[in-house]
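Each remark here refers to the structure printed beneath this line.
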Amino acid sequence: MDEVEDITRLGSCSGLVVAVTPAPVVNRSQSRGLCVAVRGKKGGKEVLFSGDSRALAAWAAEASLMVTPDMKRLLHAHPAWGTLAPGRCFDLGLAAYLLAPEDRDYGWPSLSARQAEKSGLPMERPAALALSLYDDMVKRLEHDGLLRLLRDMEMPLIPVLASMENAGITIDKAALKVFLDEVQTELDALTARIYQEAGQEFNIRSAQQIGEVLFKKLGLSAAKSTKGGQASTSQAVLEKLSGEHPVVDALLEFRKLEKMRSTYLEPLPRLAGPDSRIHTTFNQTATATGRLSSSNPNLQNIPVRGDMGRRMRT
């Protein structure tokens with residue numbers, strides 16, 4: 001594969017379908033640029049482009065369609081890719097998701113490996129593999145009535161999500177610190193209360209030790225067992241035992257506050273950048289139902305109900 005930096009060596013792609021993919025990884029410390037191929041161009045071949053991303057984006061904008069494994073990754077890599085109209089781009093990962101929403105893995109390594117096995121093309125030609133996969137996917141999307149969904153809804157959403165991720169979500173670190181201190185004070189008081197009600201000290205975060213206190217020492221009825229044969233102390237089990245002994249209600253309150261502390265109040269400030277913003281990732285291909293999800297961190301799991309949940313979201 002030839003390596004080029006001068007965009008003029010790629011020739012015109014006006015009216016044609018092009019593919020832009022990550023280059024095969026040589027080693028983890030070396031970024032080799034992007035592989036480029038043009039479909040249907042006589043004498044066309046795949047090249048490794050290591051020049052200016054702005055020039056490559058401007059070149060690709062002349063094509064009738066650009067095929068790529070992950071459009072959002074390109075947008076994050078260089079803002080120049082944002083000049084391409086979403087309707088003239090085709091995201092292979094999104095297309096794979098629409099065709100099989102329960103597969104879970106729509107990454108380029110997996111998609112390209114399967115297409116290489118199917119088409120006989122070598123893995124060293126990722127852009128050619130992308131064009132081959134595109135040809136297969138378009139037929140299936142048309143057959144299933146999904147091409148319009150990809151073109152009119154999913155593709156235009158990509159730059160919106162990329163912009164949201166870049167902007168981030170502001171958090172009030174000072175308010176979170178006050179909230180954390182209050183929760184920690186309550187946890188300390190609950191810990192003392194639990195020890196008093198149980199008549200001994202134990203590891204409140206240990207399901208095994210909680211089970212020994214509740215079912216052996218205090219004699220409460222064990223509702224069910226875990227796979228390991230131990231009496232379950234799950235949230236559902238404790239809720240059913242609520243009211244049977246003061247320590248149970250104290251444990252339930254402790255767990256609620258501890259989750260707030262360990263999952264949100266302590267980690268979120270550490271995940272914020274210097275701009276005091278959290279830059280989560282919004283996923284289009286993570287749920288079989290089609291809804292968006294959030295990861296690193298997952299902001300959708302922040303509690304909604306109760307005074308503490310509303311205060312956390314505020």
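The values are calculated or read from the model by the stated rules, or taken from the named source; none is laboratory data. These figures come from a predicted structure and were not determined experimentally. Because the Cβ atoms are built from the backbone with ideal geometry, glycine has one as well, and the counts that use them run over all protein chains shown. Just so you know, the surface numbers come from the protein's heavy atoms only, side chains and all, with ligands and any DNA or RNA stripped out. Shrake-Rupley method; radii C 1.70, N 1.55, O 1.52, S 1.80 Å.
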Subject >> Global form of the chain, assessed from the alpha-carbon gyration tensor, a/c cut-off 1.5 >> reply: prolate
**OP:** Could you please state how large a percent of the accessible area of region 115-256 is carbon and sulfur, counting protein chains only and using a 1.4 Å probe?
**Re:** 51 percent
**OP:** Find out how many positive minus negative residues lie around Leu180, taking Lys and Arg as positive, Asp and Glu as negative, among other residues whose Cβ is under 14 Å from that of Leu180.
**Re:** -1
Original post:
If we count every other residue with Cβ under 10 angstrom of Pro269's Cβ, Lys/Arg +1 and Asp/Glu -1, where does the sum land?
Top reply: +1
Original post:
Using the Karplus equation 6.51 cos²θ - 1.76 cosθ + 1.60 (θ = phi - 60°), what ³J(HN,Hα) coupling, rounded to whole Hz, does each residue of region 90-95 give in order, writing x for Gly and Pro?
Top reply: 9, 8, 5, x, 5, 4
Subject >> Whole-Hz couplings from phi, Karplus 6.51/-1.76/1.60, listed for region 98-107; x for Gly and Pro >> reply: 5, 6, 8, x, 10, 5, 6, 10, 10, x
Original post:
With the Cα gyration tensor of region 132-234 giving a ≥ b ≥ c as the square roots of its eigenvalues, does the rule (a/c under 1.5 for rounded; else a/b larger than b/c for prolate; else oblate) give rounded, prolate or oblate?
Top reply: oblate
**OP:** Considering only lysines 8 or more places apart in sequence, or on different chains, count the pairs in region 177-257 whose C-alpha atoms sit under 29 Å apart.
**Re:** 13
**OP:** For region 72-86, just list the computed ³J(HN,Hα) in residue order, Karplus coefficients 6.51, -1.76 and 1.60, θ = phi - 60°, integers in Hz, with x standing in for Gly and Pro.
**Re:** 5, 5, 4, 4, 6, 5, 7, x, 4, 5, x, 7, 7, 5, x
Original post:
With every protein chain present, what is the per residue accessible area of the chain (1.4 Å probe, Å²)?
Top reply: 55 Å²
**OP:** Would you mind classifying region 58-179 by shape? Square roots of the alpha carbon gyration tensor eigenvalues, ordered a ≥ b ≥ c; an a/c under 1.5 is rounded, otherwise it is prolate if a/b is larger than b/c and oblate if not.
**Re:** prolate
Original post:
Around Arg114, with a cut-off of 13 angstrom between Cβ atoms, what is the net charge of the other residues, counting Lys and Arg +1 and Asp and Glu -1?
Top reply: -3
**OP:** Using a 10 Å cut-off on Cβ atoms, rank the peptides 214-222, 126-134 from the highest mean neighbour count down.
**Re:** 126-134, 214-222
